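Student: Structure provided below as structure tokens; questions to follow.
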Amino acid sequence: MNELSVIMATYNEDINFLKTCIDSIMHQTFRDFEFIIVIEPDENNIDYLKHISDIDSRVKILKNESRLGVAGSRNRAIEESSGDYIAIIDGDDYCDLDRFRKQLSFLKSNPEISIVGSNMYLIDADNRAIGERIYPGLHEGIKKYFLITMAIANPTVMVRKKDLEDIGLFNNNFHKAEDFELWLRFLAHNKRMHNLQENLIYYRMPSEHNEKRGSMHWRNNYIARKKYSKLIWPLHIRFLSLLLFFLVSRLPDVFLDYLLNLKIAERIKHIKPKLGNSDI
């Protein structure tokens, strides 16, 4: 049995993005893991993925019989996994080569922490760094940050599998906000989180990034907040947060895209990152 299970749900990803992602996983300094990739029935990259599984026994390809979506595919990967720890990655992003070693070491040294994430470099479609995204490190800061927006980035997450099994997996009813709902549920169950203060993920932001979100994302965010906020924050704080997200969730998509652009622009710092896996 492997100590770590790496899971990825992918659907017809750009083949170059996918290759970069998989290379960054297979060349990690920590090597004792299984890599479970869940694909949909009409996956375009199946020949490449089967080739990867043929040449590396750590890779396991699971093909859905019907479309499960991101949440359902991740849940299937978790259910099939054998590791005590689960690391999440998306097919268009890629990892620092030391990511798994650092996150696993942190969780083993801090048994009170359920989830560890990290900061991220932001990259464009040509793998050029255009900025970084910084998150609060300590649990209380993460908890406060969730009042405004996502405080732990899904593709940076490593989580204890037992805590996932105890609290429940991704909720299919929260389309485009399934990760936000799950991490709020962790907070509602008093599970502690931490973000390593270094960039362990290269998060791709193609030009069509905003199109992936829109009103459904914001409205499902609001529903998740309404469901769990009374278990996480004091009344006066959660009222203001819920009011803000209720108003935002009612805006037309064009305004939501504009708000998202502002949010991204505020977080981008033009930098020259240390590309630890630039040779991939």
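All of the numbers you see were taken from the coordinates with simple rules; none came from a lab. These numbers were taken from a predicted model, which means no experiment stands behind them. Neighbour counts run over all protein chains shown; Cβ positions are idealised from the backbone, glycine included.
Student: Of everything in region 8-17, what is hydrophobic (A, V, I, L, M, F, W, C) and surrounded by fewer than 22 Cβ atoms within 10 Å (Cβ to Cβ)? Give them in sequence order. Reasoning before the result, please.
Tutor: Going residue by residue through region 8-17, those that are hydrophobic (A, V, I, L, M, F, W, C) are 8-9, 15, 17.
Across region 8-17, the qualifying residues are ILE15, PHE17.
Student: Which residues, taken from region 166-188, are within 14 Å of the chain's Cα centre (by Cα), among the aliphatic types (A, V, I, L, M) and part of a helix (DSSP H, G or I)?
Tutor: Those that are within 14 Å of the chain's Cα centre (by Cα), among the aliphatic types (A, V, I, L, M) and part of a helix (DSSP H, G or I): LEU182, LEU184.
Student: Let me ask something else about it. Just to be sure before I move on: is PHE30 part of a loop (DSSP other than H, G, I, E, B) and either surrounded by fewer than 22 Cβ atoms within 10 Å (Cβ to Cβ) or hydrophobic (A, V, I, L, M, F, W, C) (or both) in the structure I sent?
Tutor: On the way: part of a loop (DSSP other than H, G, I, E, B): yes; either surrounded by fewer than 22 Cβ atoms within 10 Å (Cβ to Cβ) or hydrophobic (A, V, I, L, M, F, W, C) (or both): yes.
Criteria met by PHE30.
Student: For region 141-165, which positions are of a type in the set (S, T, N, Q) and part of a loop (DSSP other than H, G, I, E, B)? First the steps, then the outcome.
Tutor: Going through region 141-165, the residues of a type in the set (S, T, N, Q) turn out to be 149, 154, 156.
Listed by number, the list holds a single entry, THR149.
Student: Follow-up. Of all residues in region 147-184, which are touching a helix residue (DSSP H, G or I) at 6+ places or on another chain (Cβ under 6 Å) and charged (D, E, K, R)?
Tutor: Correct list: LYS176, GLU178, ASP179, GLU181.
Student: If you check ILE88, ILE134, ILE123, which single one turns out to be among the β-branched types (Val, Ile, Thr), closer than 19 Å to TYR203 by Cα, loosely packed, with under 15 Cβ neighbours inside 10 Å and in contact with a strand residue (DSSP E or B) (Cβ under 9 Å, 6 or more places away or on another chain)?
Tutor: Details: ILE88 fails: loosely packed, with under 15 Cβ neighbours inside 10 Å; ILE123 fails: loosely packed, with under 15 Cβ neighbours inside 10 Å.
Just a single option satisfies the conditions, and that option is ILE134.
Student: Mind checking which residues of region 1-42 are more than 18 Å from VAL159 (Cβ to Cβ) and among the small types (Gly, Ala, Ser)?
Tutor: SER24
Student: Of the residues ARG76, ARG67, only one is assigned to a helix (DSSP H, G or I), basic (Lys, Arg) and either without any contact (Cβ under 8 Å) to a residue 60 or more places away in the chain or within 23 Å of LYS162 (Cα to Cα) (or both); which?
Tutor: On the way: ARG67 fails: assigned to a helix (DSSP H, G or I).
Going through ARG76, ARG67 in turn, the sole match is ARG76.
Student: Of all the residues that make up region 107-140, how many are outside any loop (DSSP other than H, G, I, E, B), more than 18 Å from the chain's Cα centre (by Cα) and under 23 Å from TYR85 (Cβ atoms)?
Tutor: Final tally of qualifying residues: 2.
Student: Go through region 50-78 and count every residue that is surrounded by fewer than 19 Cβ atoms within 10 Å (Cβ to Cβ) and closer than 20 Å to LYS19 by Cα.
Tutor: 12
Student: Hey, another quick one. So which residues in region 79-100 are in a loop (DSSP other than H, G, I, E, B), of a type outside the set (Gly, Ala, Ser) and more than 23 Å from ASP23 (Cβ to Cβ), if there are any at all?
Tutor: Taking region 79-100 as the starting set, the residues that turn out to be in a loop (DSSP other than H, G, I, E, B) are 81-84, 89-93, 96-98.
Narrowing the set further to residues that are of a type outside the set (Gly, Ala, Ser) leaves 84, 89-90, 92-93, 96-98.
Once the filter is applied, which keeps residues that are in a loop (DSSP other than H, G, I, E, B), of a type outside the set (Gly, Ala, Ser) and more than 23 Å from ASP23 (Cβ to Cβ), region 79-100 yields only ASP84.
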